[in-house]
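The values are calculated or read from the model by the stated rules, or taken from the named source; none is laboratory data. Note that the structure is predicted; figures quoted are calculated from it, not measured. Neighbour counts are summed over all protein chains in view; Cβ atoms, including those assigned to glycine, are modelled from backbone coordinates with ideal geometry. These area figures cover heavy atoms from the full protein model, side chains too; ligands, DNA and RNA do not enter into them. Shrake-Rupley method; radii C 1.70, N 1.55, O 1.52, S 1.80 Å.
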Amino acid sequence: MKKISILLLLSLFIACGVKQSTHYLNSGNYDEAISIAVNSLQNNKNAKGKQDYISILEEAFAKANERDLRNIDLWSKEANSANLEKIYSSYVALNNRQEIIRPLLPLRLLNENRNAIFHFSDYTTEMVGSKNAFSNYLYTNAKSCLLTATKLEARTILQDLSYLNQLNPGFKDVSKLIEEARLKGTNFVHVFTKNETNLIIPVRLQNDLLDFSTYGLNDKWTVYHSNRKPDIHYDYGIILNFRQIDISPEQIREKQIIKEKQIKEGVKNLLNANGGIVKDSLGNPIKVDNLITVKGRAIQFTQFKSCRVVAKVDYIDFTNNQLLNTYPLGSEFIFEHIYATFRGDRRAFDEELTPYFGNRAIPFPSNEQMVFDTGEDLKLKLKEIISRNKIQY
């Protein structure tokens, strides 16, 4: 019973495949019909249940070849360069079609007592000739158009040249044209700083802000340079314009803290109202915490200095020297150092204060260092602005 069920399912599967491939054959989708038939015949091609597939394969192969050769003849007579790719693709299809059938041969049609007929041809010469003709067309067209191409046109030309390079590797000087198209299609952006404040911007801060190797912003069609290169035409500029730098005076704030609290210092005997020792039921003295009062006076010193940098980021179109957009940018850095001294019992103070008792005053950072220390925050914000407002032209 199980064997009969498996055979029934197999018969249904074959019937379904035959019906589907017949549909493709009758609707002119010959290669799909061929694909289904070839896949079915790769396993036990001589089985009686596979006869319909052989008939479909024979008919679909003949009709597909007849159609492709007829189209090639028509396109060749039209002498239109736009048809060169279709001619080459058709020759490739003719060759591939017979190559997927070749391993299955011979295929026997039992009812007709003959082998299925497949007329194979050598299309090598036609494939090479049509590929070279199509390659020459792509090359000549790309090279001519590249002379006057806009950026967007250069990007399309690059796609054609990349396709040509895959189709026909090493063809003429295609590699050189690819680099030319890529260069012409790329937006080059010069990023630099401008100082409108009365303070000197540290050189190392400028170098750090303009180190675009750490930003990861370059993409396929946009390249950012902080060091202007003489052989490159820059399309856009991004100016980090420092407008204002405010640095506070050096301050030392003092705060006096007086503390008094009870702490446990060992244990002692519990005494009654008459001063006698209280004992438990076994006659042992009862012990209680020995609480003492400790006092202390501390002075907390806070060294404070702040730096606020106000800037803007200008986007400039160098082709017409027009301002495209402006984005505000600002950052603040605060230097704060706390230390403290005390008199009395250290135990009187909370844990929030005691760590500062070991500290001492330290030199204040210079104004230049304060400005530089804003750099990390400025860099993150500058990257965020450029990431959000990428040049899309």
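I need every pair where a residue in segment 243-272 that is free of Cβ contacts under 8 Å to residues at least 60 places away in the same chain and closer than 30 Å to SER306 by Cα has its Cβ under 8 Å from the Cβ of a residue that is among the basic types (Lys, Arg) and part of a strand (DSSP E or B), sequence separation at least 6 or different chains.
Short answer, once both residue conditions are applied: SER248/LYS305; PRO249/LYS305; GLN251/LYS305; GLN256/ARG297; ILE258/LYS295; ILE258/ARG297.
So, in segment 310-331, exactly how many residues are within 13 Å of ILE239 (Cα to Cα), over 27 Å from the mean Cα position of the chain (by Cα) and either in contact (Cβ under 8 Å) with a residue 24 or more places away in the chain or open to solvent by less than 30 Å² (accessible area, probe 1.4 Å) (or both)?
The qualifying residues number 3.
Just give me the residues in segment 203-227 being of a type outside the set (Gly, Ala, Ser), assigned to a loop (DSSP other than H, G, I, E, B), out of contact with any Ser or Thr (no Cβ under 7 Å at 6 or more places or on another chain) and modelled with pLDDT of 85 or more, in sequence order.
LYS220, ASN227
Tell me which residues, restricted to segment 273-290, are touching a residue at least 12 places away in the same chain (Cβ under 8 Å) and either in contact with a Phe, Trp or Tyr (Cβ under 6 Å, 6 or more places away or on another chain) or open to solvent by 70 Å² or more (accessible area, probe 1.4 Å) (or both).
LYS287, ASP289
Which residue is farthest from LEU69 (Cα to Cα), if the candidates are limited to segment 94-118 and must be open to solvent by less than 70 Å² (accessible area, probe 1.4 Å) and in a helix (DSSP H, G or I)?
Among those residues, the one meeting the criterion is LEU104.
Can you tell me which residue is farthest from SER90 (Cα to Cα) among those in segment 115-129 that are touching an Asp or Glu at 6+ places or on another chain (Cβ under 9 Å) and not aromatic (Phe, Trp, Tyr)?
Checking each candidate, the answer is ALA116.
Identify, please: which residue in segment 203-258 is touching a Gly at 6+ places or on another chain (Cβ under 9 Å) and within 30 Å of PHE357 (Cα to Cα) and is, among those, most open to solvent (accessible area, probe 1.4 Å)?
Per the criteria, the residue is ILE258.
Conditions (1) among the charged types (D, E, K, R); (2) in contact with a Phe, Trp or Tyr (Cβ under 7 Å, 6 or more places away or on another chain); (3) over 30 Å from THR150 (Cβ atoms), marked per residue:
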{"position": "TYR315", "(1), (2), (3)": "no, yes, no"}
{"position": "PHE318", "(1), (2), (3)": "no, yes, no"}
{"position": "ASN325", "(1), (2), (3)": "no, yes, no"}
{"position": "GLU332", "(1), (2), (3)": "yes, no, yes"}
{"position": "ALA340", "(1), (2), (3)": "no, yes, yes"}
{"position": "ALA348", "(1), (2), (3)": "no, no, yes"}
{"position": "ASN359", "(1), (2), (3)": "no, yes, yes"}
{"position": "PRO363", "(1), (2), (3)": "no, no, yes"}
{"position": "THR374", "(1), (2), (3)": "no, yes, yes"}
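Say we look at segment 181-202 and pick out the residues that are within 25 Å of the chain's Cα centre (by Cα) and charged (D, E, K, R); which of these is most open to solvent (accessible area, probe 1.4 Å)? Let's see the steps before the verdict.
Applying the first criterion (within 25 Å of the chain's Cα centre (by Cα)) to segment 181-202 yields 181-191.
Next, only the ones that are charged (D, E, K, R) stay: 182, 184.
On the way: ARG182: 92, LYS184: 66 Å².
In this case the residue turns out to be ARG182.
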